Amino acid sequence: MKDHIEYESPLAGRYAGLEMRELFGAQRKFSTWRRLWLTLAEVQQKLGLNISDEQLKDMSDHLYDIDFAAAAQYEKKFRHDVMAHIHTFGDAAPSARGIIHLGATSQFVVDNTDLILMREAMDILAGSLAGVIDAFGSLAKRYRSLPCLGFTHYQPAQLTTIGKRAAVWCYDFVTDLGELQHRLDSLEFRSVKGTTGTQDSFLALFDGDHAKVQSLEKAVAEKMGFERICPVTGQTYSRKVDARIAATLAGIGASVHKFCNDIRLMSGMKEVDEPFGSKQVGSSAMPYKRNPMRCERATALARFLMDVSVSPLHTAAEQWLERSLDDSANKRLAIPEAFLAADGILRIVLNVARGLVVYEGSIAAHVAAELPFMATERILMEAVKSGGDRQDLHEKIRQHSIAAGEQVKVHGRPNDLISRLKADAAFAEVDIDSLLKPAGFIGRAPQQVDEFIAAHVEPVRRHYAHKLNADAELEV
């Protein structure tokens, strides 16, 4: 941005991390184009084309010193970005000018670079997801046995534990990581396919030698780090590749949105708080406010991510015959912005998960307020064991529950259901206090947490051990 005058994407200026921003920057993109041109020429030389070592060295010496101003002038002249950079590269490596891009179409550099960058971007996100899974695993273990109110329909339900809830959050991200890894493992390189995917230009270069064209395609892919190659293409690789990757990123967005919404709800109940800086301001008007701004921001960005992920699907549907150029402008926006958004929201989740503040006293108070209602079934069973009539006892509990609920909802008083039951002779033989321990209402939640961590978190920790110490500090 020039002196804060021109618009800059907030994803780059505020939210995404440096590594992802640099990955989709112009320097990385166009130096990758040059690496591809060099790789093509190297393999062509090896297969017998008249390309000298001097030309290859000239190209190799100028992979990164890109004259962007000159490229902009060429593009204004040609109205073609690939031709602009061919000429710019030729100016930097004049001996190689005549063999740069030999036999290739624009999508040789454009498509293959996109695949390279998306592969690296997915690898970055895989590390981020591993860090999030690790953080949730620690949170789940720490609070594996802390009872809290469960909610269905946002109404109090049977108890769960804070640790079990964290495990549920975590599992969403475990499935996201599995999906992302599948996309990485199955990603195919376009390699050298020619103008309409027939490899005709390369077949002409090698005088009709099909074996050499096949060797060229395989060798270029291998030198760029790909084992798998698209078996057939038009001028471009199928845009369904982008659509599937974008859908995977949208899945991450949904997981983030779910977690951050839950934190916002729990924060409103004063059960948890996201990290809050010592000088942080919650509201310009209300000094006491401690808003969950990190999670609010993440849900906002997650919505954008889920929405933008649909665009590559439309692009895939719009590709006419062997190729239509209406994919280009859309891809320039949708793919980088989706990755930047995914990066930004995972950074927020990691920051919140590592620094989440849990208020055990408030959680216990909420449990205590609702537990009498939840305990009524057990009280009923014990009263029946003591000789009572089940139907009569059920009606008494129903009447006492309605009266206690009125005290809470209408008069704003504490839940007095237990006092009412203790005062009722029908329940005199029941040790009601022994039935009111929250730990007796959480089922196998602690054991489920332990089993989940062992089966799903620990393997991620082992596989991504080198990526688990990523910085979780946010820029804003």
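The values are calculated or read from the model by the stated rules, or taken from the named source; none is laboratory data. The structure presented is a predicted model; accordingly, all values stated were derived computationally and were not measured. Because the Cβ atoms are built from the backbone with ideal geometry, glycine has one as well, and the counts that use them run over all protein chains shown.
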Quiz item: Can you tell me which residue in region 413-442 is farthest from Ile402 (Cα to Cα), limited to those that are in contact (Cβ under 8 Å) with a residue 24 or more places away in the chain and part of a loop (DSSP other than H, G, I, E, B)?
Solution: Ile442
Quiz item: Given the conditions (1) closer than 23 Å to Gly234 by Cβ; (2) assigned by TED's automatic domain parsing to the domain that holds Ala243; (3) buried (at least 19 other Cβ atoms within 10 Å of the Cβ), and given that Gln199 satisfies all but one, which numbered condition is not satisfied?
Solution: (2)
Quiz item: Any residue in region 443-458 that is over 27 Å from the mean Cα position of the chain (by Cα) and part of a loop (DSSP other than H, G, I, E, B)?
Solution: yes
Practice problem: Output the residue which, of all residues in region 57-81 that are hydrophobic (A, V, I, L, M, F, W, C) and buried (at least 19 other Cβ atoms within 10 Å of the Cβ), is nearest to Ser215 (Cα to Cα). | Solution: Met59
Quiz item: Does region 255-263 contain at least one residue that is over 26 Å from Leu333 (Cα atoms), touching a strand residue (DSSP E or B) at 6+ places or on another chain (Cβ under 8 Å) and either hydrophobic (A, V, I, L, M, F, W, C) or surrounded by 16 or more Cβ atoms within 10 Å (Cβ to Cβ) (or both)?
Solution: yes
Quiz item: Looking at Ala157, is it closer than 30 Å to Ile51 by Cα and of a type outside the set (S, T, N, Q)?
Solution: no
Quiz prompt | Output for region 422-446, where each listed residue is farther than 18 Å from Asp389 by Cα, surrounded by 13 or more Cβ atoms within 10 Å (Cβ to Cβ), modelled with pLDDT of 90 or more and not small (Gly, Ala, Ser) | solution = Pro438, Phe441, Ile442, Pro446
Practice problem: Out of the residues in region 100-152 that are surrounded by 21 or more Cβ atoms within 10 Å (Cβ to Cβ) and acidic (Asp, Glu), state the one that is nearest to Ile162 (Cα to Cα). | Solution: Asp134
Quiz prompt | Looking only at region 407-427, and only at residues there that are of a type in the set (A, V, I, L, M, F, W, C) and farther than 12 Å from Lys396 by Cβ, the one that is farthest from the chain's Cα centre (by Cα) | solution = Ile418
Quiz item: If you check Asp172 against the conditions, is it buried (at least 21 other Cβ atoms within 10 Å of the Cβ), assigned to a helix (DSSP H, G or I) and among the charged types (D, E, K, R)?
Solution: no
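Counting only residues that are farther than 19 Å from Lys437 by Cα and either among the β-branched types (Val, Ile, Thr) or under 52 Å from the mean Cα position of the chain (by Cα) (or both), how many does region 376-389 have?
Adding up the residues that qualify gives 1.
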Practice problem: Mind telling me which of the residues Ser31, Ser52 ends up being surrounded by fewer than 15 Cβ atoms within 10 Å (Cβ to Cβ), at pLDDT 95 or above, more than 22 Å from the chain's Cα centre (by Cα) and not basic (Lys, Arg)? | Solution: Ser52
Practice problem: Return the total of residues in region 185-203 being touching a residue at least 12 places away in the same chain (Cβ under 8 Å) and over 31 Å from the mean Cα position of the chain (by Cα). | Solution: 9
Quiz item: Within region 360-406, can you find the residues that are within 30 Å of Asp273 (Cα to Cα) and in contact with a helix residue (DSSP H, G or I) (Cβ under 9 Å, 6 or more places away or on another chain)?
Solution: Glu360, Ile363, Ala364, Val367, Ala368, Ala369, Leu371, Pro372, Phe373, Met374, Ala375, Gly405
Exercise. For region 459-476, name all the residues that are surrounded by fewer than 14 Cβ atoms within 10 Å (Cβ to Cβ) and in a helix (DSSP H, G or I).
Key: Pro459, Arg462, His463, Ala465, His466
Quiz item: Taking the stated definitions as given, is Ala126 among the small types (Gly, Ala, Ser) and within 30 Å of Thr233 (Cα to Cα)?
Solution: yes
